[in-house]
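The values are calculated or read from the model by the stated rules, or taken from the named source; none is laboratory data. Bear in mind that the values here come from a model prediction, so they are computed numbers and not experimental data. Cβ sites come from the backbone with ideal geometry, for glycine too, and all protein chains shown count toward neighbours. The accessibility values were calculated without ligands, DNA or RNA, using every heavy atom of the protein model including side chains. Shrake-Rupley method; radii C 1.70, N 1.55, O 1.52, S 1.80 Å.
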Amino acid sequence: MSKIRSQIGLAVLAFSLGLLTTSCNSKAEHRPSPPASDSVQVNGVSINVEYSSPGVKKRKIWGELVPYNEIWRTGANKATFLNTSGDILINGETLPKGTYAIFTIPTDSTWTIIFNEEWDQWGSYNYNQNKDIFRLIVTPSKSDFDERMKFTLTKNALTFDWEELSYELTIDTP
């Protein structure tokens, strides 16, 4: 009897592992907030942004899903991060070579955009203001509807778009 129980236990374990492997290996586009990225070269400096792209899904985003006056990871899942192979200027502020989390504190009129040196973290649960490189205040503008949050890099800008709001940060090299 114990041999049969062992065999049943092994079969259940194998089946469970198979389900887990299948769900972990599912394609990124089937995730609720799939990973996304964009990159650009600016005067020989490689810049890359990586994030998880949540969808609107008929939800009220600003002030509800993303609360006002609270730190937000600027995406879903892991904190959004930007990597640069050399020093760059963002809205005139120097961002040294390295990798940085992008956090946001939205309000109903202006947003605080934060570049923080503690980039490899889940969400914003361990956000530490003492690790901020700098903060920028932006005023998002009304834009065409985007179901999925996205960042776009060009030779002179990092643009954020989601729902019906967007903002743009200028990029240059020192």
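Restricting attention to segment 87-105, does a residue exist that is closer than 27 Å to residue 164 by Cβ, open to solvent by 30 Å² or more (accessible area, probe 1.4 Å) and either modelled with pLDDT under 95 or among the polar types (S, T, N, Q) (or both)? Within segment 87-105, one or more residues are closer than 27 Å to residue 164 by Cβ, open to solvent by 30 Å² or more (accessible area, probe 1.4 Å) and either modelled with pLDDT under 95 or among the polar types (S, T, N, Q) (or both).
Taking the residues in segment 129-141 that are touching a residue at least 24 places away in the same chain (Cβ under 8 Å) and open to solvent by 90 Å² or more (accessible area, probe 1.4 Å) as candidates, determine which candidate is farthest from residue 166 (Cα to Cα). I'd like the intermediate steps shown before the answer.
Of all residues in segment 129-141, those touching a residue at least 24 places away in the same chain (Cβ under 8 Å) come to 133-134, 136-141.
Those still in the list that are open to solvent by 90 Å² or more (accessible area, probe 1.4 Å) too: 137, 139.
On the way: 137: 13, 139: 9 Å.
By that ranking, first place goes to 137.
Enumerate the pairs (first residue in segment 65-90 and small (Gly, Ala, Ser); second residue anywhere and surrounded by 15 or more Cβ atoms within 10 Å (Cβ to Cβ) and in a loop (DSSP other than H, G, I, E, B)) with beta-carbon separation below 6 Å, excluding pairs fewer than 6 apart on the same chain, so at least 6 apart or on different chains. Once the first residue is small (Gly, Ala, Ser) and sits in segment 65-90, its partners that are surrounded by 15 or more Cβ atoms within 10 Å (Cβ to Cβ) and in a loop (DSSP other than H, G, I, E, B) give 76/33; 76/54; 79/73; 79/121. For segment 143-157, the criterion of being among the aromatic types (Phe, Trp, Tyr) and open to solvent by 40 Å² or more (accessible area, probe 1.4 Å) is met by at least one residue. When residue 112 is tested against (1) surrounded by fewer than 21 Cβ atoms within 10 Å (Cβ to Cβ); (2) under 18 Å from residue 155 (Cα atoms), exactly one condition is not met: (2). Check segment 37-57 and report whether any residue there is farther than 28 Å from residue 173 by Cβ and exposed (fewer than 15 other Cβ atoms within 10 Å of the Cβ). The answer is yes; a qualifying residue exists.
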